[in-house]
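Taking it in order: structure first as structure tokens, then the write-up.
The values are calculated or read from the model by the stated rules, or taken from the named source; none is laboratory data. Given the structure is predicted, the values throughout are model-derived calculations rather than measurements. Cβ atoms come from the backbone with ideal geometry, glycine included; neighbour counts cover every protein chain shown. Side chains included, ligands, DNA and RNA excluded: accessible areas come from the protein's heavy atoms. Shrake-Rupley method; radii C 1.70, N 1.55, O 1.52, S 1.80 Å.
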Amino acid sequence: MIETIRTLAQTYGPSGHEDQIRSIIQAEIADVADEIETDALGNLIASLNGNGAGRRVMLAAHMDEIGVIITHVDEKGFLRFGPVGGVSPALLVGNRVRFADGTMGVIGIEKRENTNRTPRLDQLYIDVGARDRASCPVKVGAMAGFDRGFLAQGDRWVAKALDDRIGCAILVELMLAINRQKLALPHTVHFVFSVQEEVGVRGATTAAFSLAPEVGIAVDVTATGDTPKSHPMAVSLGDGPAIKVKDGGMIAHPGLVRLMVQRAEEAEIPYQLEVLTYGSTDARAMQLTQSGVIAGCVSIPCRYVHSNSEMVDARDVQNSVELLLAVLKGSLEL
Ligand code: CO
Ligand code: ZN
């Protein structure tokens with residue numbers, strides 16, 4: 001599983017440009033899915049057919065990552081850019097970015113009068129080493145993601161884009177585990193590797209509308225409250241998957257929260273309860289589709305979300321797979 005995570009995390013895939021990620025995932029699950037399709041927006045939907053006794057379930061993990069989009073190229077070939085998703089200017093200077101064709105760039109900063117202030121995005125630029133606009137290989141509209149190697153140190157894994165490639169890897173591993181264990185699930189499960197989450201849960205919105213699930217569960221990262229002077233939050237790295245109760249965009253279905261807690265306790269899987277005071281996930285899109293869907297989220301605790309060094313704990317990742325297995329094996333009548 002670690003090799004899949006390493007590959008997924010290091011690959012290019014800002015919102016709307018998830019093709020490379022989709023190919024990797026598709027190759028991993030081709031042999032174990034009953035059906036695979038890609039929809040008009042680019043969502044990859046892999047399905048396992050149930051035996052008719054269970055429910056229609058949608059699981060979702062987003063393939064896209066935050067990034068930047070080129071808005072202007074000056075005469076010397078320096079690039080100005082805007083954000084794709086929640087990009088923090090304070091975390092950008094000195095970073096390297098990668099474009100779809102592999103072109104690399106370095107983020108520089110203008111001379112500023114007041115260096116005590118956080119830089120604004122419009123004071124930053126990307127340098128791809130071009131001599132002038134004409135020879136610059138990058139044009140307006142090109143998108144870049146961060147470039148950063150994967151680090152495994154003890155149980156901690158660090159990389160860019162673990163939001164939400166870790167969720168993608170968990171869904172892949174879940175499909176492989178169901179196949180390995182020859183589990184015949186009662187439910188028909190649609191594994192949706194969604195697009196454009198970071199710009200407003202757009203892929204999950206259309207996928208949920210077309211699949212019309214009865215139960216929806218997103219698998220995504222959440223913040224932690226265990227670092228120096230962090231925003232107070234009762235989630236810690238390594239203490240188990242976080243079962244979402246509420247975030248900035250949804251209130252999880254209380255019955256589904258109780259069911260997930262019960263399955264975790266029965267299987268002796270460590271878990272935490274998550275209340276995130278901002279942000280949201282694909283679960284919001286699932287909950288609000290059609291005439292309303294029972295929805296919740298299994299969150300992977302993650303430090304430094306939306307930086308190029310997002311950190312998760314390997315045990316939380318494995319336990320997330322176990323928790324989802326425990327949930328899917330049993331009844332989902334709520
Ligand atoms: Co995110
Ligand atoms: Zn995410």
Query raised in the report: (1) within 29 Å of P83 (Cβ to Cβ); (2) touching a His at 6+ places or on another chain (Cβ under 9 Å): which one isn't true of D247, the others all being true?
Result: (2)
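Yes/no matrix, rows are residues, columns are (1) in contact with a Ser or Thr (Cβ under 8 Å, 6 or more places away or on another chain); (2) at pLDDT below 95; (3) within 29 Å of R180 (Cβ to Cβ):
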residue: N43; (1), (2), (3): yes, no, yes
residue: R56; (1), (2), (3): yes, no, yes
residue: I66; (1), (2), (3): yes, no, no
residue: D101; (1), (2), (3): no, no, no
residue: I107; (1), (2), (3): no, no, no
Query raised in the report: Quick check, is A218 within 16 Å of ligand 1 (Cβ to nearest atom), modelled with pLDDT of 95 or more and assigned to a helix (DSSP H, G or I)?
Result: no
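Table: residues versus (1) in a loop (DSSP other than H, G, I, E, B); (2) hydroxyl-bearing (S, T, Y); (3) touching a helix residue (DSSP H, G or I) at 6+ places or on another chain (Cβ under 8 Å).
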site	(1), (2), (3)
A61	no, no, yes
K76	yes, no, no
I107	no, no, no
D122	no, no, no
Query raised in the report: In the stretch 51-59, is there at least one residue being touching a residue at least 12 places away in the same chain (Cβ under 8 Å), assigned by TED's automatic domain parsing to the domain that holds L176 and charged (D, E, K, R)?
Result: yes
Query raised in the report: outside any strand (DSSP E or B) and open to solvent by less than 40 Å² (accessible area, probe 1.4 Å) - does that describe any residue in the stretch 91-100?
Result: yes
Query raised in the report: Taking helices (runs of 4 or more DSSP H) that do not extend beyond the stretch 224-334, which have at least 3 residues that are crowded, with 16+ Cβ neighbours inside 10 Å and within 19 Å of the chain's Cα centre (by Cα)?
Result: 282-287, 314-329
Query raised in the report: Would a scan of the stretch 185-202 turn up a residue that is over 18 Å from V84 (Cα atoms) and small (G, A, S)?
Result: no
Report task. Please tell me if P119 is open to solvent by less than 30 Å² (accessible area, probe 1.4 Å), out of contact with any Asp or Glu (no Cβ under 9 Å at 6 or more places or on another chain) and either more than 16 Å from ligand 2 (Cβ to nearest atom) or within 23 Å of G86 (Cα to Cα) (or both). Result -> no
